[in-house]
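A.B. asks: First the structure, which I've put down as structure tokens, then a few questions once you've had a look.
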4 protein chains.
Amino acid sequence: MSSSFGTLFRISTWGESHGPGVGVVVDGCPPRIPLTEADLQHELDRRRPGQSKIVTPRKEDDKAEILSGVLDGQTLGTPIGILVRNTDQRPSAYTEMQQAYRPSHADYTYDAKYGIRAVSGGGRSSARETIGRVAGGAIARKVLQHSLPGYECLAYVKTVRDLTAAVPARLSAEVIESNIVRTCDPAAAEQMIALIEAMRSEGNSIGGVIECVVRGVPAGLGAPVFDKLEADLAKAMMSLPATKGFEIGSGFAGTQMTGLEHNDEFYMDEGRVRTRTNRSGGIQGGISNGEDIVFRVAFKPTATVLREQKTVTNTGEDTTLSARGRHDPCVLPRAVPMIEAMTHLVLADHLLRQRALG
Amino acid sequence: MSSSFGTLFRISTWGESHGPGVGVVVDGCPPRIPLTEADLQHELDRRRPGQSKIVTPRKEDDKAEILSGVLDGQTLGTPIGILVRNTDQRPSAYTEMQQAYRPSHADYTYDAKYGIRAVSGGGRSSARETIGRVAGGAIARKVLQHSLPGYECLAYVKTVRDLTAAVPARLSAEVIESNIVRTCDPAAAEQMIALIEAMRSEGNSIGGVIECVVRGVPAGLGAPVFDKLEADLAKAMMSLPATKGFEIGSGFAGTQMTGLEHNDEFYMDEGRVRTRTNRSGGIQGGISNGEDIVFRVAFKPTATVLREQKTVTNTGEDTTLSARGRHDPCVLPRAVPMIEAMTHLVLADHLLRQRALG
Amino acid sequence: MSSSFGTLFRISTWGESHGPGVGVVVDGCPPRIPLTEADLQHELDRRRPGQSKIVTPRKEDDKAEILSGVLDGQTLGTPIGILVRNTDQRPSAYTEMQQAYRPSHADYTYDAKYGIRAVSGGGRSSARETIGRVAGGAIARKVLQHSLPGYECLAYVKTVRDLTAAVPARLSAEVIESNIVRTCDPAAAEQMIALIEAMRSEGNSIGGVIECVVRGVPAGLGAPVFDKLEADLAKAMMSLPATKGFEIGSGFAGTQMTGLEHNDEFYMDEGRVRTRTNRSGGIQGGISNGEDIVFRVAFKPTATVLREQKTVTNTGEDTTLSARGRHDPCVLPRAVPMIEAMTHLVLADHLLRQRALG
Amino acid sequence: MSSSFGTLFRISTWGESHGPGVGVVVDGCPPRIPLTEADLQHELDRRRPGQSKIVTPRKEDDKAEILSGVLDGQTLGTPIGILVRNTDQRPSAYTEMQQAYRPSHADYTYDAKYGIRAVSGGGRSSARETIGRVAGGAIARKVLQHSLPGYECLAYVKTVRDLTAAVPARLSAEVIESNIVRTCDPAAAEQMIALIEAMRSEGNSIGGVIECVVRGVPAGLGAPVFDKLEADLAKAMMSLPATKGFEIGSGFAGTQMTGLEHNDEFYMDEGRVRTRTNRSGGIQGGISNGEDIVFRVAFKPTATVLREQKTVTNTGEDTTLSARGRHDPCVLPRAVPMIEAMTHLVLADHLLRQRALG
């Protein structure tokens, strides 16, 4: 069951990196939502390898085929099956990884758990698994847009190592997509790209922080206790490959404030309850309060580096391993659509759950 | 369903702060695990109000009664029902909160979601809800200790605002429990206590960071994709009241390293696969690797402050509110057993899931 | 998790027959539904032992205490905890059952599964477990009545062994409750009561069939594929103690007809789609069609008989066992409210699920 | 979520009858179970249309492609994605069904629930959906055979309308597969086939009862309360298309016995606890007792008949409808592998759940 996410709006992903394909089943999508393969493709293209000079050059078109649940451009309310064939498998590139565990990858732990693993391409632990998430997220987004007119979710690269983007007063998808690193600060983008390219040329890698801002979520979405909106978002984000941290609103920095400084005072604004500050990050007691939902996710530097590293073999002997071939020197540009997808999925699920209360 | 947590080892908590009582049902606990009410009480006493001069003075014994699922000191494999009666309700202390929404509390969002709420004591959003978690966690701990001989989970206060504890080479429960703030650094404890008391006297509040170290978890626990061990831990922690951030292993600081610096090299140690560093925090690809599991949780300063704040009424008018009565100037000391409880719950669930694979 | 039922409207029961008490947590109940303890008590009194001369004389008031989730006669949207204390435990009456497995009871299988069991009173396998179901069902009924104005669910004893009730054209709760056997045919009731009393005096027992008719469910409730309305009803009914069969609409008898005879033709009736016959039992393709939902449940004769029977001990030796004490010679009268409760639970869950689709 | 079944061993089916294809994702399958596409194909061929003169002649090879989760003939422990392309779609054959609701089909109720439906071929309500179940069941069977050496599940046609098969003392798959109706009584098979062919030639249809016997399930599988083994089996069977009833062991006939007649006395047999009779059907208190599990399922006559019937249009007008084209005059022969598949799925899930208890 660990490959399913959501309670009412639920996705189940499947697929190994170098198997026949990857995909997803979306169950619980309401009927009569407009949906085409182009809706999916737009998001998949943002996640795709080979999209720019700073991501892995693996050649994959990642063309999504909708196999069920949609008729004449409308959802039927039945499960939506989606398939993406894998095309660029290179089993030969992974021969020596078969015996040696790649440091900070999932090779060893998969073996410890299952006693077997699809070595080639990382199998199920590959980032290709996120294709199903991004496709499912694109559908969740349509559901949200259908019900919440002002719904908008924008993720962007906030930092790459020590380079920090300035966040403009008015964010837009256009600005974020205007640069290949997907930062909200085109001026910083140049430096970030240069840093990522330098890392690539060294066979090294780098991480950073992505921030996500969600607008147009009305007050009242979410749940108390275990399924708090921030708890579900945290799980969603920490389930993405390479994530090491999650914080919402004031986050870790909020621990430096007193309660009087930190509290978000309420005021009335044209008949609507608002807060003057947003240290809560748009969520209070697990439930949205109508302000922007704002959170950040930390990504470690990619574990794949093209340099010799010490490690052990699957038969318990010390050895060294030099990875060759393709790698993402920085996962951030491709992680932006993943974060948006997971956010859509969490919110669509809570939207349906809220409706159930009548 | 938002009041249940876990898939195979599942708790369902219930209860409002000022209702007749609070409690939990634990379903899925294996049979023949030794268990007594004293096992629960020990953990509940660490969570209890009134335990020291730096926590809320609300008078509650928090005596747990086991209503089912246990016979002659052994679990039966059937649901374990646990009840704690509320004794110190003061509805009168909350009269003015009935109309005015307390800033950064859940008052407004509960109203937005449900159109009704138990005003007194915060109702379901009160920290009293965590009694059920701590009781359930105490049972999960027994299950883990029964199967994993070296299992140990130690949480401790790492920082209070800008005061940081030194983490000793050898942590122990004795050191952590030796001071009322539950830090691992008794020298820092004095300053932390002084700071918390100063905040209390001002009617203000303060937050900080708790770190948690888990030992004795073998390689292979956890799951790939959505139910990664760190994802489930993140959800568990972010579902606790007042949490604003979660990070595992290198966390946000890890974004400042390159891949070559960050990767945990493997080596053989007396026949066992180990890593020289632990930036992974004991989890790789969502599955434990046998190293210590290490994570941190950020807690905001308590929202209850005894000073006048601007806010709005539930009929949409600007107003001010001065909270009176009891409050926790800092939630950290009482949050330590909550974090341990949630950790036990996540791990017991994954232990059972791993067994199911055969 | 085997003690929870439902997805959105979910109950979790707990409690052993001779432990401190039994109860239930109801999670997912919408807010602002009128609810009092009297609503529960009315149904619990129909399930209660000692209610008439044809049921077990165990002395239990079965007074339900609502511990959470309700304030001033309205649900809060939070979990509703309910407790019924056990009062009439007689551990001594069960001494010899400790070693010998009662035929056609759950003694042996509980030992086989758990390696431990609460011998006294049957522990968790006792019909006392259904108290939580009946209480939860009473709440589900309030939810249904709140949303579906004409909602009515009437179960009644259709047969006791070979005695069959005539079903009147217009069923009513009054007629069913007018006799202690809870049949819809007061004339047949006398014979049924006589038969049950004869069985009791012989220390023997008897079974029969309960029919249930649900009115006022609009077309469109239910789901395709696995959670078909009849599938969920079947599971609900077959989870009740002593059930051996379930059939809906034409049921087993429908296998004697051809398709042309069996099909329910549609026609328009004052703007509403209706069927002239109802062999479908109100459900087509797993989804309600607006006709009455009609199903039947077979109950075996009670396993407890007060006569000597051959059996084996828990150490694997042949032996005999003569049960003494209290028993229900026929479970049907007390099973009527259980069947209604489970029906309410299934329908309330599907009502909420339908709402979620928007 | 209504298209998923199981808790630990979970299948999620997808696909419309006349869409691009149908399939299933199997999540929770243990690793290192031998599995090939041939294992699936063997069962799919038993379910396939066109397999004999008494089933629908729709031309479908139903070739299953495993897309993930299996490597070199072994399961990986990751989700197993399976795809079957649809090839013989005839949208034109369904033109008039677009407006007129077919009696006793799901056309009207799907419209009532979703406000949209895939008209052609019945869309999601088509028996093609069961391809995913049969494929998933074939995998569950491998898991059971891997752990329970003597595991065997045999379903067979017991009655076709009023024709009843004699059940031989020693059942075998060979006998059942020796005739195209899949009954256990080859002598009766001839009459059954003649009856079915007569119905087909009249454009009419017919139903009957399938019995299923499961051997080699040890005592202790199942669960108390809601997830009783018979409850899960009942749900599984009643979720199959065209089912109207389920009974286990003595079933409805058991209501004609007294408790003394009905109880299954225990005795010791070479160190093993056995019962002399099996009115319990192999399950007591929801948990297997080691005897054969025996149950029966009633199937209505197929709703598709090639004769004029009265009905209504989707715009609310009385009309008549004469279905043309292909139909199954009797679903029983193809339902046999479906019942076995659902049984495997229920038991594999409970096997994994039992293991989780340690």
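A.B. asks: Of the numbered conditions (1) at the interface with another protein chain (Cβ under 7 Å from one of its Cβ atoms); (2) buried (at least 17 other Cβ atoms within 10 Å of the Cβ); (3) within 24 Å of A:Ser12 (Cα to Cα), D:Tyr108 fails exactly one; give the number of that condition.
C.D. replies: Looking at each condition in turn, D:Tyr108 falls short on (3).
A.B. asks: Please determine, by comparing only the residues of region C:144-176 that are within 14 Å of chain D (Cβ to nearest Cβ) and in a strand (DSSP E or B), which one is surrounded by the fewest Cβ atoms within 10 Å (Cβ to Cβ).
C.D. replies: C:Thr164
A.B. asks: Those residues that are within 10 Å of chain A (Cβ to nearest Cβ) and buried (at least 18 other Cβ atoms within 10 Å of the Cβ), I need them from region D:19-32; list them, please. Reasoning before the result, please.
C.D. replies: Step one: list which residues in region D:19-32 are within 10 Å of chain A (Cβ to nearest Cβ), which gives D:19-28, D:30-32.
Across region D:19-32, the qualifying residues are D:Gly19, D:Gly21, D:Val22, D:Gly23, D:Val24, D:Val25, D:Val26, D:Asp27, D:Gly28, D:Pro30, D:Pro31.
Okay, residues lined up against (1) without any contact (Cβ under 8 Å) to a residue 40 or more places away in the chain; (2) under 18 Å from the mean Cα position of the chain (by Cα):
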| residue | (1), (2) |
| --- | --- |
| C:Cys212 | no, yes |
| C:Gly220 | no, no |
| C:Pro224 | no, no |
| C:Ser239 | no, yes |
| C:Thr243 | no, yes |
| C:Ile248 | no, yes |
| C:Phe252 | yes, no |
| C:Asn263 | yes, no |
| C:Phe266 | yes, no |
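A.B. asks: How many residues does region C:178-188 contain that are in a helix (DSSP H, G or I) and either free of Cβ contacts under 8 Å to residues at least 24 places away in the same chain or farther than 15 Å from C:Ile210 by Cα (or both)?
C.D. replies: Here is the first cut: in region C:178-188, the ones in a helix (DSSP H, G or I) are C:186-188.
Of the ones still in play, those that are also either free of Cβ contacts under 8 Å to residues at least 24 places away in the same chain or farther than 15 Å from C:Ile210 by Cα (or both) are C:186-187.
Result for region C:178-188: 2.
A.B. asks: When only residues in region B:64-88 that are over 14 Å from C:Gly19 (Cα atoms) and in a loop (DSSP other than H, G, I, E, B) count, which is modelled with the highest pLDDT?
C.D. replies: Restricting to residues being over 14 Å from C:Gly19 (Cα atoms) and in a loop (DSSP other than H, G, I, E, B), the top hit is B:Gly77.
A.B. asks: Right, another one. Does C:Val336 meet the test of being β-branched (Val, Ile, Thr), in a loop (DSSP other than H, G, I, E, B) and under 22 Å from the mean Cα position of the chain (by Cα)?
C.D. replies: Here the answer is no, as C:Val336 does not meet what is asked.
A.B. asks: Only one of (1) out of contact with any strand residue (DSSP E or B) (no Cβ under 8 Å at 6 or more places or on another chain); (2) surrounded by 17 or more Cβ atoms within 10 Å (Cβ to Cβ); (3) more than 9 Å from every other protein chain (Cβ to nearest Cβ); (4) polar (S, T, N, Q) is not met by D:Asn86, so which one is it?
C.D. replies: For D:Asn86, the exception is condition (1).
A.B. asks: Sticking with this one: Residue by residue through region D:1-21, note down the ones that are part of a loop (DSSP other than H, G, I, E, B) and among the charged types (D, E, K, R). Break it down into steps so the answer makes sense when it comes.
C.D. replies: Of region D:1-21, the ones part of a loop (DSSP other than H, G, I, E, B) are D:1-3, D:6-9, D:16-20.
Once the filter is applied, which keeps residues that are part of a loop (DSSP other than H, G, I, E, B) and among the charged types (D, E, K, R), region D:1-21 yields only D:Glu16.
A.B. asks: Does region B:294-326 hold any residues that are touching a residue at least 12 places away in the same chain (Cβ under 8 Å) and of a type in the set (Gly, Ala, Ser), and which are they?
C.D. replies: B:Ala298, B:Ala303, B:Ser322, B:Ala323, B:Gly325, listed by residue number.
A.B. asks: So if I check each of A:Gly271, A:Gly254, which one is surrounded by fewer than 24 Cβ atoms within 10 Å (Cβ to Cβ) and within 16 Å of B:His105 (Cα to Cα)?
C.D. replies: After ruling out the rest, the residue left standing is A:Gly254.
A.B. asks: Then there is this: May I ask you to verify whether C:Asp61 is at pLDDT 95 or above and at negative phi? Don't jump to the end; show me each part of the working.
C.D. replies: Values: at pLDDT 95 or above: no; at negative phi: yes.
No; evaluated as a whole, the condition is false for this residue.
A.B. asks: Among the listed residues A:Ile193, A:Ile176, identify the single one that is farther than 27 Å from C:Ala356 by Cβ and touching a strand residue (DSSP E or B) at 6+ places or on another chain (Cβ under 8 Å).
C.D. replies: Exactly one residue qualifies, and that residue is A:Ile176.
A.B. asks: I've got another one for you. What number of residues within region D:1-18 satisfy the criterion of being buried (at least 24 other Cβ atoms within 10 Å of the Cβ), within 11 Å of chain C (Cβ to nearest Cβ) and farther than 17 Å from D:Ala127 by Cα?
C.D. replies: Residues meeting the conditions: 2.
A.B. asks: May I ask you to say which residue of B:Val217, B:Val225 is more than 8 Å from every other protein chain (Cβ to nearest Cβ), buried (at least 24 other Cβ atoms within 10 Å of the Cβ) and β-branched (Val, Ile, Thr)?
C.D. replies: Being more than 8 Å from every other protein chain (Cβ to nearest Cβ), buried (at least 24 other Cβ atoms within 10 Å of the Cβ) and β-branched (Val, Ile, Thr) holds for just one of B:Val217, B:Val225, which is B:Val217.
A.B. asks: State the number of residues belonging to region A:274-290 that are within 10 Å of A:Gly249 (Cβ to Cβ) and either surrounded by 24 or more Cβ atoms within 10 Å (Cβ to Cβ) or more than 24 Å from the chain's Cα centre (by Cα) (or both).
C.D. replies: 6
A.B. asks: Counting only residues that are surrounded by fewer than 24 Cβ atoms within 10 Å (Cβ to Cβ) and of a type in the set (A, V, I, L, M), which one in region C:200-214 is nearest to the other protein chains (Cβ to nearest Cβ)? Reasoning before the result, please.
C.D. replies: Here is the first cut: in region C:200-214, the residues surrounded by fewer than 24 Cβ atoms within 10 Å (Cβ to Cβ) are C:200-204, C:209, C:211-213.
Now drop any that are not of a type in the set (A, V, I, L, M), which leaves C:209, C:213.
Numbers: C:Val209: 6, C:Val213: 16 Å.
Within region C:200-214, the match that is nearest to the other protein chains (Cβ to nearest Cβ) is C:Val209.
A.B. asks: Given the conditions (1) of a type in the set (A, V, I, L, M, F, W, C); (2) under 20 Å from the mean Cα position of the chain (by Cα); (3) in a loop (DSSP other than H, G, I, E, B), and given that A:Ile116 satisfies all but one, which numbered condition is not satisfied?
C.D. replies: Answer for A:Ile116: the failing condition is (2).
A.B. asks: For B:Thr315, state whether it is assigned to a strand (DSSP E or B) and surrounded by fewer than 24 Cβ atoms within 10 Å (Cβ to Cβ). Lay out the reasoning, then the answer.
C.D. replies: Working: assigned to a strand (DSSP E or B): no; surrounded by fewer than 24 Cβ atoms within 10 Å (Cβ to Cβ): yes.
Judged against the criteria, B:Thr315 is not a match.
A.B. asks: Select from region A:59-73 the residues that are at the interface with another protein chain (Cβ under 7 Å from one of its Cβ atoms) and of a type in the set (A, V, I, L, M) and list them in ascending order.
C.D. replies: Across region A:59-73, the qualifying residues are A:Leu67, A:Leu71.
A.B. asks: Would you be able to say whether some residue in region B:22-41 is touching an Asp or Glu at 6+ places or on another chain (Cβ under 9 Å), under 14 Å from B:Gly132 (Cα atoms), in contact (Cβ under 8 Å) with a residue 24 or more places away in the chain and part of a loop (DSSP other than H, G, I, E, B)?
C.D. replies: no
A.B. asks: Go over the candidates A:Ala140, A:Ala135, A:Ala118 one by one and state the one that is in contact (Cβ under 8 Å) with a residue 40 or more places away in the chain and in contact with a His (Cβ under 6 Å, 6 or more places away or on another chain). If you could, list the steps in order and put the result at the bottom.
C.D. replies: Details: A:Ala135 fails: in contact with a His (Cβ under 6 Å, 6 or more places away or on another chain); A:Ala118 fails: in contact with a His (Cβ under 6 Å, 6 or more places away or on another chain).
Within the list A:Ala140, A:Ala135, A:Ala118, the selection yields A:Ala140.
The values are calculated or read from the model by the stated rules, or taken from the named source; none is laboratory data. None of the values given here were measured: they were computed from a predicted structure. Ideal geometry is used to build each Cβ from the backbone, glycine not excepted, and the neighbour counts take in all protein chains shown.
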